[in-house]
Amino acid sequence: MNVDGTPYRTIWVGDDGRSVHIIDQTLLPHEFVTRTLSTVAEAAEAIKVMRVRGAPLIGATAAYGVCLALAEDPSDASLAQACETLSATRPTAVNLRWALDEMKTAVSTLAAGNRLDAAYAKAADISDDDVATCAAIGDHGLSLIREAWDATGWSRPVEILTHCNAGWLATVDWGTATAPIYKAHDGGIPIHVWVGETRPRNQGAGLTAWELAHHGVPHTVIVDNAGGHLMQRGRVDLCMTGTDRTTASGDVCNKIGTYLKALAARDNGVPFYVGLPHSTIDWTIRDGVRDIPIEERDGSEVTEISGRTRSGEVTTVQLTPDGSAAANFAFDVTPAHLVTALITERGVCDASVEGLASLYPERAKPAA
Ligand code: MRU
């Protein structure tokens, strides 16, 4: 997508063919800064402190992290150590494990001297595949937005509610939940997006709003708790979110608060759609509530908040009384029965074993 007229992906390799560059998302929306990752430790740090975040981008960064490790030392021990370091960064998004498995498969049988070029080629494939995948999610999701537009009798913009940032910043380009939104906007369907701020890290207020503003998509930031109210008043035509891990039965694990949005959507008859790439499906599990590890982050993300003062300084302030404990669960699971449909690169399907199996017959397995 474009940033002030310049096309960007969220991760790219420099002209030297080796250095890896990212947008530092911890500084958005107030500063747009790119950084260079030179070592696997820097790649792991970028994932852990969320300079890069969002399930697909975490996977792509891990892939390039393996490249950086092999550039220093292409041995088996270095490969194993890199995968261990990177896989320990964040537990919930399954794309991390998926990307590391892809990298290991691509290089582990090669002689050490041949590994580096193969690793960069594979990481580039993973990135390019994510771009193509998200664009296809956009095409399939567009048909759902067009249906909603038809249902309004072309009388007013389609009202879409989203949560967190499942935008191009969370992927390599396009986004998952936002790909249909960008395609609808670019295709002339009038839309308006309600952007949930997404405490505690405010990926909605800081990142999704920034993206939509840069692309000229009409949007309004709301506090997380306003979603149910808007749905009750008929001011949301459809919800569109991403997912960090989708079970083989269609449960979706996404940013904390997604479940509450899905409950409100069900109570108000609002369709709840989830956009996802194949790399987000964990075919090894069916029960998301029981089997998906939920990341717990530092309580300071709850007790403190960062922002720009009127004088332009970016600062962090404390919100809670001294001594109050804080719990910071980063994700929750929305059971499949609350999801109207999954939007994948292969099409739209029911959030169910049968639905996913119809799109990915080669991956579907009988129940364990
Ligand atoms: O903690 P984050 O910011 O990495 O969480 C991101 C999300 O929950 C996104 O909605 C999810 O990764 C889907 S993105 C394409």
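Observations on the structure shown:
- Net charge over other residues, Cβ less than 13 angstrom from the Cβ of residue 61 (K, R count +1; D, E count -1): +2
- Estimated from helices alone, the mean residue ellipticity of the chain at 222 nm is -11500 deg cm²/dmol (sum of -39500 (n - 2.57) over DSSP H runs with n ≥ 4, per residue).
- Cut-off under 5 Å, modelled amide H: who pairs with residue 199 long-range: 224
- Sequentially through the stretch 158-173, phi angles give Karplus couplings (6.51, -1.76, 1.60; θ = phi - 60°) of 6, 9, 10, 9, 10, 9, 6, 10, 10, x, 5, 5, 8, 10, 8, 6 Hz, Gly and Pro residues having no value and appearing as x.
- Förster-model FRET efficiency, 25 Å R0, residue 327 and residue 220, C-beta, rounded to 0.05: 0.30
- Mean separation of Cα contacts under 8 Å (6+ apart) over length of the chain, as relative contact order %: 15 percent
- Taking all protein chains together, 158, 289 sort by accessible area into 289, 158, largest first [probe 1.4 Å].
- Computed on the stretch 2-128, with alpha-carbon pairs under 8 angstrom and 6+ residues apart, the relative contact order is 22 percent.
- Annotation note: chymotrypsin sites (Phe, Trp or Tyr not before Pro) in the stretch 115-208 located in DSSP loop regions with a Cβ neighbour count of at most 10 within 10 Å are 154.
- Within the chain, the longest run free of exposed loop sites, counting GluC sites (Glu not before Pro) that sit outside DSSP helix and strand states (H, G, I, E, B) and have at most 12 other Cβ atoms within 10 Å, spans 32-312.
- Most mobile listed residue (86, 144, 110) in the chain, GNM with C-alpha springs under 10 Å: 110
- Accessible surface of residue 19, taken over heavy atoms with a 1.4 Å probe and every protein chain present, rounds to 20 Å².
- Here's how it looks for residue 281: its modeled amide H is under 5 Å from those of 246, which are all 5 or more places away or on a different chain.
- Listed residues 312, 216, 242, most fluctuating in the chain (Gaussian network, C-alpha, under 10 Å): 312
- Heavy-atom SASA rank of 90, 199 (probe 1.4 Å, accessible area, largest first): 199, 90
- Cα-based shape type of the stretch 2-128, given that a ≥ b ≥ c are square roots of the gyration tensor eigenvalues and the cut on a/c is 1.5: prolate
- Computed from the Cβ-Cβ distance with R0 of 41 Å, the FRET efficiency linking residue 306 to residue 109 stands at 0.35.
- Over the chain, the alpha carbon radius of gyration divided by the compact-protein estimate 2.2 N^0.38 Å works out to 0.97.
- Relative contact order computed over the stretch 267-368 (Cα-Cα under 8 Å; 6+ residues apart), in percent: 31 percent
- Residue-wise HN-Hα couplings along the stretch 253-269, as the Karplus relation 6.51 cos²θ - 1.76 cosθ + 1.60 with θ = phi - 60° gives them from phi, are 9, 9, 3, 3, x, 4, 4, 5, 5, 5, 4, 5, 5, 4, 5, 10, x Hz; Gly and Pro carry x.
- Remark: accessible surface ordering of 267, 350 (largest first) is 267, 350, probe radius 1.4 Å.
- Nearest-0.05 FRET efficiency for residue 49 and residue 320, computed from C-beta distance (R0 30 Å): 0.85
- Amide H contacts under 5 Å for residue 37: 20, 21, 22, restricted to partners 5 or more places along the chain or on a different chain, H placed in the peptide plane at 1.01 Å from N.
- Note, ³J(HN,Hα) from phi for the stretch 224-232, Karplus 6.51, -1.76, 1.60, rounded to Hz, x at Gly and Pro: 4, 6, 7, x, x, 4, 5, 5, 4
- Top of 127, 78, 249 by mean-square fluctuation, Gaussian network on the chain, Cα under 10 Å: 78
- Between residue 34 and residue 268, the modelled label-to-label distance comes to 4.0 nm, taking each label 7 Å out from Cα in the direction of the beta carbon.
- Restraint check, 48/365; 122/255; 183/255; 122/261; 104/365, Cα-Cα greater than 30 Å: 48/365; 122/261
The values are calculated or read from the model by the stated rules, or taken from the named source; none is laboratory data. None of these values were measured; they are calculated from a predicted model. Here Cβ is always computed from backbone atoms with ideal geometry, including for glycine, and neighbour counts include all displayed protein chains. Note: accessible area is taken over every heavy atom of the protein model, side chains too, but ligands, DNA and RNA are not part of it. Shrake-Rupley method; radii C 1.70, N 1.55, O 1.52, S 1.80 Å.
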